[in-house]
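**Q** Below you will find the structure I want to go over with you.
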Amino acid sequence: MNIKWDADKYTADFSFVHQYGNSLTELIDADKGCRVLDLGCGNGALTKVLHDKGFDVIGIDASRELLDIAGKNYPDIEFIQADAVNFSLGEPVDAVFSNAVFHWIDKYKQRDMLKCVHKALKENGQFVFEFGGYGNNALIHEALSKIFSEHGYCYKMPFYFPTIGEYSALLENSGFRVKYAVLFDRPTELKGENGLKDWINMFVKTPFSVVENAEEREFIKNAACDSLKNTLYKDGKWYADYVRIRMKAVRTAD
Ligand code: BEZ
């Protein structure tokens, strides 16, 4: 899961990703001084929120570009470059936290990631996370998929958006007990008149690798935005049809 991010644009125009994550930090029930890992910490904005709550935090991310921003903004926090599906910590932590990360991890690599989290947690340690759930951005992906096929291309869905049932089973089979789970709609306002196209440019990159011609890529993106105007553009603003899965689990004994 190593994505090349336009880190400055991500930080400037998509700050809602971490702003919405603020309330997720409240699910961690631990004393000040407890050791917390922020898995897929990105630019470190939520790692800082956890730090300010008094936790002893460490942030891990695969992206050098985002970690450079995190290190510059929050020099007192420890950040490490590592892949979520293949990392290990010297000492186990009291809680693992993750916001808006796991949908980037292939369905068949989720077990590897959960194995690393299990190893990184103390027994009874808390695992609190949120990511894109079943049906996330369905209107956007359906529109893109339709236009891809009209142009003779196959749209390969680049994300994993599971149901609560599917992810609970995965957790239980990986040594966790599920304590809390919710799937909810969260229509999300996008920035600017080109909000949806900017969102596609930022987040939907790999499906376009099959479209070699730059003009055709532009055409497909514009056609998708045009076709979604009736549903996702309201009172001069674009909205993305986000659906979140939010869960809390605890690590059971080996
Ligand atoms: C999400 O946070 O759900 C998400 C963000 C970008 C692309 C896909 C999903």
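**Q** Does any residue of segment 207-221 turn out to be within 22 Å of Gly133 (Cα to Cα) and buried (at least 19 other Cβ atoms within 10 Å of the Cβ)?
**A** There is at least one residue in segment 207-221 that is within 22 Å of Gly133 (Cα to Cα) and buried (at least 19 other Cβ atoms within 10 Å of the Cβ).
**Q** I've got another one for you. Is it true that some residue in segment 104-115 is closer than 22 Å to Val17 by Cβ, loosely packed, with under 15 Cβ neighbours inside 10 Å and modelled with pLDDT of 95 or more?
**A** yes
**Q** What number of residues within segment 22-63 are of a type in the set (Asp, Glu) and surrounded by 21 or more Cβ atoms within 10 Å (Cβ to Cβ)?
**A** Within segment 22-63, residues that are of a type in the set (Asp, Glu) and surrounded by 21 or more Cβ atoms within 10 Å (Cβ to Cβ) number 2.
**Q** Scan segment 125-144 for residues that are open to solvent by 60 Å² or more (accessible area, probe 1.4 Å) and in a helix (DSSP H, G or I) and jot them down.
**A** The answer is Leu139, Glu142.
**Q** Moving on. Only residues that are part of a loop (DSSP other than H, G, I, E, B) and within 16 Å of the ligand (Cβ to nearest atom): list them for segment 145-161, please.
**A** Scanning segment 145-161 gives Tyr155, Lys156, Met157, Pro158, Phe159, Tyr160, Phe161.
**Q** Exactly one condition in (1) under 24 Å from Gly133 (Cα atoms); (2) modelled with pLDDT under 95; (3) open to solvent by less than 60 Å² (accessible area, probe 1.4 Å) is false for Ala100; which is it?
**A** All conditions are met except number (2).
**Q** When you look at Tyr153, is it open to solvent by less than 10 Å² (accessible area, probe 1.4 Å), of a type outside the set (Val, Ile, Thr) and out of contact with any Ser or Thr (no Cβ under 8 Å at 6 or more places or on another chain), yes or no?
**A** no
**Q** Looking only at helices (runs of 4 or more DSSP H) that fall completely inside segment 162-254, which ones have 1 or more residues that are more than 16 Å from the ligand (Cβ to nearest atom) and modelled with pLDDT of 95 or more?
**A** Answer list for segment 162-254: 164-172, 214-232.
The rows are residues; the columns are (1) over 30 Å from Asp254 (Cβ atoms); (2) in contact with a Leu (Cβ under 8 Å, 6 or more places away or on another chain); (3) surrounded by 13 or more Cβ atoms within 10 Å (Cβ to Cβ); (4) aromatic (Phe, Trp, Tyr).
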residue: Leu171; (1), (2), (3), (4): no, yes, yes, no
residue: Ser174; (1), (2), (3), (4): no, yes, yes, no
residue: Tyr180; (1), (2), (3), (4): no, yes, no, yes
residue: Glu193; (1), (2), (3), (4): yes, no, no, no
residue: Leu196; (1), (2), (3), (4): yes, yes, yes, no
residue: Ile200; (1), (2), (3), (4): yes, yes, yes, no
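The values are calculated or read from the model by the stated rules, or taken from the named source; none is laboratory data. What you see is a predicted model, and the numbers here were worked out from it, not measured in a lab. Cβ coordinates were reconstructed from backbone atoms using ideal geometry, including for glycine residues, and neighbour counts include every protein chain displayed. Remember, those area values only see protein heavy atoms, side chains included, never the ligands or the DNA or RNA. Shrake-Rupley method; radii C 1.70, N 1.55, O 1.52, S 1.80 Å.
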